[in-house]
Amino acid sequence: MQKEMKNNFSLQKILASILVLMWMITVFIFSGQDGIDTLNTSGAVISVIESKTTNDSSNVVSDNLGKTDNKNSLENKKYKYTYSNKIQKLVRKNAHYFLYMLGGVFLSVFFCANSKYKSSQIKLAIYAIITGIVYAFTDEFHQRFVPGRTGSLKDVFIDSMGVITGVVLVYILRIILKRNVRIKWGSKNVTVK
């Protein structure tokens, strides 16, 4: 029985480590895309959004005789360009946020699974947040060396907010579980803290 619980704990450590490693590799791959590749990646999402939110009949403005009004057509193109840029920023910033929120979840699970002692949940959350923020800084630094990309403190802030959200979600989940369930951590049952 003792050996089986120890094996389960080792399996938790391995799975948590794999999740964090996969997340870090995914972020590194996305950050390593040059400017054109990253535009194409977000462009696929943007085209779906635009197809759902714009009306194709609004692309051409006609007068009563059925002639195309060039002035209005030019205004429509400007509007579509501005709209596309806004959607692109929204998609890209949300991608940062949600990718790092997932990282916050994985980092929290990793630190919980790898804590040797009954560590304070706040302490483990702080470790996860610091690790996620440091990774966000290194990610933006990495992007400075990729053609067509730049590093941005604004993105570090967005990434950090994502990590914090993910860590807080895990923290809240553990509080809920603490009220209802006793979880096996290591060789003995301990109440989730």
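Bear in mind these aren't lab numbers, they're just calculated from the coordinates by the rules spelled out. In this text, all values refer to a predicted model and were calculated from it rather than measured experimentally. All Cβ positions, glycine included, derive from the backbone under ideal geometry; neighbour counts span all protein chains shown.
Segment ASN114..ILE14, full-extension length gain: 35.1 nm, with 0.36 nm per residue of separation and the alpha-carbon distance subtracted. Given their separation in residues at 0.36 nm each and the Cα-Cα distance between them, SER84 and ASP34 gain 16.0 nm when the chain is fully extended.
Residues GLU140, GLU50 in ascending order of nearby Cβ atoms (within 10 Å, fewest first): GLU50, GLU140.
For the pair MET22 and LYS93 in one chain, pulling the backbone fully straight at 0.36 nm per residue adds 23.5 nm over the alpha carbon distance. Evaluating 6.51 cos²θ - 1.76 cosθ + 1.60 at θ = phi - 60° for every residue in the range 26-41, the Karplus couplings come out as 4, 4, 4, 5, 4, 5, x, 5, 6, x, 5, 4, 5, 5, 5, 5 Hz, glycine and proline recorded as x.
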